[in-house]
Structure formats: C-alpha cells, structure tokens
Amino acid sequence: MGKEQVRAYLDGIGREDLRILEFAASSATVELAAAAAGVPPGQIAKTLALRIKDSVVVVVLGGEARLCNKKLKQFFGAKAQFAAGFHGDKVPVLVVLGF
C-alpha cells in the first residue's frame, strides 16, 4: 500500500488529522525505526505476518514485546510460522496484506 492509498484511507475514515511519517534512514527494525523517529523502542509498533494453517494473520506488538509461540498455538490451535513470501495458495504475502 502506497502513501497515497494510506492517506486516502485515513481521510475516508475521518482521520485527516493523522500524519504519515517518512524517514530518510531505514526503519526496517524496531531499533532503526526508534532512532529515525527519535523515540524509545517501546513507542514503536511492529507488525508480524504469521502463517497459521492456510491463513495469514497479522499481529501488532509493542516494539519491545516478544511473541510467545506456546500462547499463539493455544489461541489458534496450530503452530504459527512467519509468512515468508507466499501464502498457502501461492499468492504473494505482499498482495494478501497490501504492503
């Protein structure tokens, strides 16, 4: 999803007040994102795409939080794996998630 699509979505739900932050430096990790934004890592939200059975689940965590695989398995009834590249039906995760 590009910046223009995000802006259109936010405008469409009445959130024109929210800013989209763009950084010259990489924000690929919590540490890099925190440094680029000038905030502590705990103020960064990270998203993880997980494959559980034949579905992709996106989990949003605080920057300093860790996933507990045991709790994920208890909640979803199956082991979670990081979604890397392709969903079960060979649709790229990029298309499924929109980013």
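The values are calculated or read from the model by the stated rules, or taken from the named source; none is laboratory data. Bear in mind that the values here come from a model prediction, so they are computed numbers and not experimental data. Positions of Cβ are backbone-derived with ideal geometry, glycine not excepted, and every protein chain shown enters the neighbour counts.
Any residue in the range 56-83 that's over 25 Å from A34 (Cβ atoms) and not assigned by TED's automatic domain parsing to the domain that holds V30: show its pairings with residues that are assigned to a loop (DSSP other than H, G, I, E, B) and aliphatic (A, V, I, L, M) at Cβ separation under 6 Å, as long as the two are six or more apart or on different chains. If the second residue must be assigned to a loop (DSSP other than H, G, I, E, B) and aliphatic (A, V, I, L, M), the pairs left are V56/A83. If I filter the range 8-24 for residues that are loosely packed, with under 10 Cβ neighbours inside 10 Å, assigned to a helix (DSSP H, G or I) and at pLDDT 85 or above, do I get at least one hit? Yes: one or more hits. Restricting the range 53-64 to residues that are loosely packed, with under 14 Cβ neighbours inside 10 Å and modelled with pLDDT of 90 or more, the residue that is nearest to G2 (Cα to Cα) is G62.
If you go through the range 1-58 and keep only what is touching a strand residue (DSSP E or B) at 6+ places or on another chain (Cβ under 9 Å) and among the polar types (S, T, N, Q), you end up with T29, Q43, T47.
Within the range 66-85, count every residue that is at pLDDT 85 or above and touching a strand residue (DSSP E or B) at 6+ places or on another chain (Cβ under 8 Å). I'd like the intermediate steps shown before the answer.
To start, the set of residues in the range 66-85 that are at pLDDT 85 or above comprises 66-81.
Filter again for touching a strand residue (DSSP E or B) at 6+ places or on another chain (Cβ under 8 Å), leaving 67, 69, 72-73, 76, 78-81.
Matching residues across the range 66-85 total 9.
Being assigned to a loop (DSSP other than H, G, I, E, B) and farther than 22 Å from V30 by Cβ is the filter here; which residues of the range 46-83 pass it? Scanning the range 46-83 gives K53, D54, G77, A78, K79.
Return yes or no: is L50 assigned by TED's automatic domain parsing to the domain that holds A83, within 24 Å of Q81 (Cα to Cα), under 17 Å from the mean Cα position of the chain (by Cα) and surrounded by 14 or more Cβ atoms within 10 Å (Cβ to Cβ)?
Working: assigned by TED's automatic domain parsing to the domain that holds A83: yes; within 24 Å of Q81 (Cα to Cα): yes; under 17 Å from the mean Cα position of the chain (by Cα): yes; surrounded by 14 or more Cβ atoms within 10 Å (Cβ to Cβ): yes.
It is true that L50 is assigned by TED's automatic domain parsing to the domain that holds A83, within 24 Å of Q81 (Cα to Cα), under 17 Å from the mean Cα position of the chain (by Cα) and surrounded by 14 or more Cβ atoms within 10 Å (Cβ to Cβ).
Looking across the range 25-45, just one residue is at pLDDT 90 or above, part of a loop (DSSP other than H, G, I, E, B), among the aliphatic types (A, V, I, L, M) and touching a helix residue (DSSP H, G or I) at 6+ places or on another chain (Cβ under 8 Å), and that is I44.
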